[in-house]
1. Identify, from the list 138, 117, the residue that is in contact (Cβ under 8 Å) with a residue 60 or more places away in the chain and in a helix (DSSP H, G or I).
2. Tell me, please, whether a residue that is without any contact (Cβ under 8 Å) to a residue 60 or more places away in the chain, surrounded by 16 or more Cβ atoms within 10 Å (Cβ to Cβ) and over 13 Å from the mean Cα position of the chain (by Cα) can be found in the stretch 287-308.
3. Consider residue 25 carefully, then state whether it is out of contact with any strand residue (DSSP E or B) (no Cβ under 9 Å at 6 or more places or on another chain) and modelled with pLDDT under 95.
4. Taking the stretch 28-45 as the region of interest, how many residues are at pLDDT 80 or above, surrounded by 17 or more Cβ atoms within 10 Å (Cβ to Cβ) and more than 20 Å from the chain's Cα centre (by Cα)?
5. Name the single residue, out of those in the stretch 230-263 being modelled with pLDDT under 90 and in contact with a strand residue (DSSP E or B) (Cβ under 9 Å, 6 or more places away or on another chain), that is surrounded by the most Cβ atoms within 10 Å (Cβ to Cβ).
6. Every residue in the stretch 279-307 that is farther than 18 Å from residue 194 by Cα and part of a helix (DSSP H, G or I), please.
7. Tell me whether the stretch 46-55 contains one or more residues that are modelled with pLDDT of 85 or more and over 26 Å from residue 90 (Cβ atoms).
8. Condition (residue is assigned to a helix (DSSP H, G or I) and more than 18 Å from residue 148 (Cβ to Cβ)) applied to the stretch 69-92: is it met by at least one residue?
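The values are calculated or read from the model by the stated rules, or taken from the named source; none is laboratory data. The shown structure was predicted, so the numbers you read here are calculated from the model rather than taken from an experiment. Backbone-built Cβ (ideal geometry, glycine too); neighbour counts: all protein chains shown.
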């Protein structure tokens, strides 16, 4: 859905979709400034330190290696292959978010894993019926209908489902279904895998296993926090924040602020859980800072519109 006047919005301008207020509650219009305020407050309280510099060439090199690997494995066979567009996103995420993992094979796997998830999310979001067929064939052990989907199935067995929210397009959740948005978000994510990627084999599983619920929460909802602006621009109101706001009858920015508060609480619990094991603590500390930073610098999330890069360079 196209957004009218999305670029260079003056502070306080309500976000509009087809000249209508994006917020389902017109008396509480979502503004450019409100979203920015929530994000800046989160960064200050989180203690974000911006360390992401001189990365373009390095991400480019990782992307090249991953493309070569994808070609050699048959994931990519043509210059217009749909997976090709997703690999740079995966490389950016792997290089920035997992900078603390020196093993290039780890970054290679994370890049390809992420690229397939991005491909799945972007492709099947436009065609939920194709996703249902993909899942049905995966569960029954049948070959997929196309080559990229077949490789996705082999690399990401038991992959998350991006289709649930699209089942509810045009449907208003009743207030009694207030737990659905969180259940849908957890079911549709891949946070457990990305949590496991944080730690090297030098860290015993029993050290970070108790933190897994909060790790998964942090990974899922940091993404929701920093992708909210992009999704609002795109007119995507079928997501965790909007769904919860509708079910509770409150403004989405209230939910966004509550989410930021809950994320900071989860972050503190993770640090407390891992504190006795220095290596695990240090790995998570570096990952969490870089994971937040990835969302700030990636063009995918369009946060340059809010001036977030200028903010982190000058104030954090």
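1. Only one candidate passes the filter, namely 117.
2. No, the stretch 287-308 contains no residue that is without any contact (Cβ under 8 Å) to a residue 60 or more places away in the chain, surrounded by 16 or more Cβ atoms within 10 Å (Cβ to Cβ) and over 13 Å from the mean Cα position of the chain (by Cα).
3. Details: out of contact with any strand residue (DSSP E or B) (no Cβ under 9 Å at 6 or more places or on another chain): yes; modelled with pLDDT under 95: yes.
Criteria met by residue 25.
4. Count: 3.
5. 232
6. Within the stretch 279-307, 296, 297, 299, 300, 301, 303, 304, 305, 306 qualify.
7. yes
8. Taking every residue of the stretch 69-92 in turn, at least one turns out to be assigned to a helix (DSSP H, G or I) and more than 18 Å from residue 148 (Cβ to Cβ).
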